[in-house]
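Readers should treat all values here as calculations from the given coordinates under stated rules, not as data from a laboratory. What you see is a predicted model, and the numbers here were worked out from it, not measured in a lab. Here the Cβ positions follow ideal geometry from the backbone for every residue, glycine too, while neighbour counts run over all protein chains shown.
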Amino acid sequence: MNNASIAPCGVNCDTCLGFQRAKNRCVGCNNTGNKPNHCTVCSIKQCAEKGDNSLLLCNTCLKFPCRRIKDLDKRYRTKYGVSLIENLNTIKETGLTQFIELEEEKWKCRNCGQLLCVHRDTCLNCGNLKLMC
């Protein structure tokens, strides 16, 4: 993981199924290249509040958390048990480098050590049930 792994909304792209798959792999939100249409036209990444800097994290915005972030956060909490608002608040409190270190540990399979996927309940590598700290 690196700084480019964290999307402006707080999603860790490295944990996304599209980023982890072997065929037609997504390059992640902050990179140019192959990605799903919903990521290409993302209203959060292209938010007018960011001006010309689409790489700015939403936690730097005066309107944070805005309706778009709250809606996405609710969907991620409900479907995947991950809060993007908590991610962005942790980044603000600890810094991006520390957050990435925490994410690397949090998303490591306890059985095989490979990176887990936020969109699946089992490890894509060994099939063990995903156990989060």
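Helix 84-94 and the long axis of the chain differ in direction by around 80°, with both axes built from C-alpha atoms. Sorted fewest first by neighbouring Cβ atoms within 10 angstrom, S43, S5, S83 come out as S43, S83, S5. Shown for C47, C126: other C-beta atoms within 10 Å of each C-beta, ranked fewest to most, produce the order C126, C47.
Against the chain, whose longest principal axis comes from its Cα atoms, helix 96-106 is set at around 30 degrees. Its DSSP H runs of at least 4 residues, each contributing -39,500 (n - 2.57), put the calculated 222 nm mean residue ellipticity of the chain at -9500 deg cm²/dmol, to the nearest 500. Shown in residue order for the stretch 44-53 are the 3J(HN,Hα) couplings computed by the Karplus curve 6.51 cos²θ - 1.76 cosθ + 1.60 at θ = phi - 60°: 6, 5, 9, 4, 4, 4, 7, x, 7, 9 Hz (x for Gly and Pro). Please work out whether the stretch 22-131 counts as rounded, prolate or oblate from its C-alpha gyration tensor, where a ≥ b ≥ c are the square roots of the eigenvalues and a/c under 1.5 means rounded, while otherwise a/b larger than b/c means prolate and anything else oblate? Since a/c reaches 1.5 and a/b is larger than b/c, the shape of the stretch 22-131 is classed as prolate. What shape does the stretch 69-116 have by the C-alpha gyration tensor, where a ≥ b ≥ c are the square roots of the eigenvalues, rounded means a/c under 1.5, and otherwise prolate means a/b greater than b/c and oblate the rest? The shape class here is oblate.
Residues whose amide H lies under 5 Å from that of T122, counting only those 5 or more places away or on a different chain, are K130; hydrogens are built 1.01 Å from N in the peptide plane. Relative to the first principal axis of the alpha-carbon coordinates of the chain, what is the inclination of helix 67-80, with its axis defined by its Cα atoms, in degrees from 0 to 90 and to the nearest 10? In the chain, helix 67-80 runs at an angle near 10 degrees to the longest axis.
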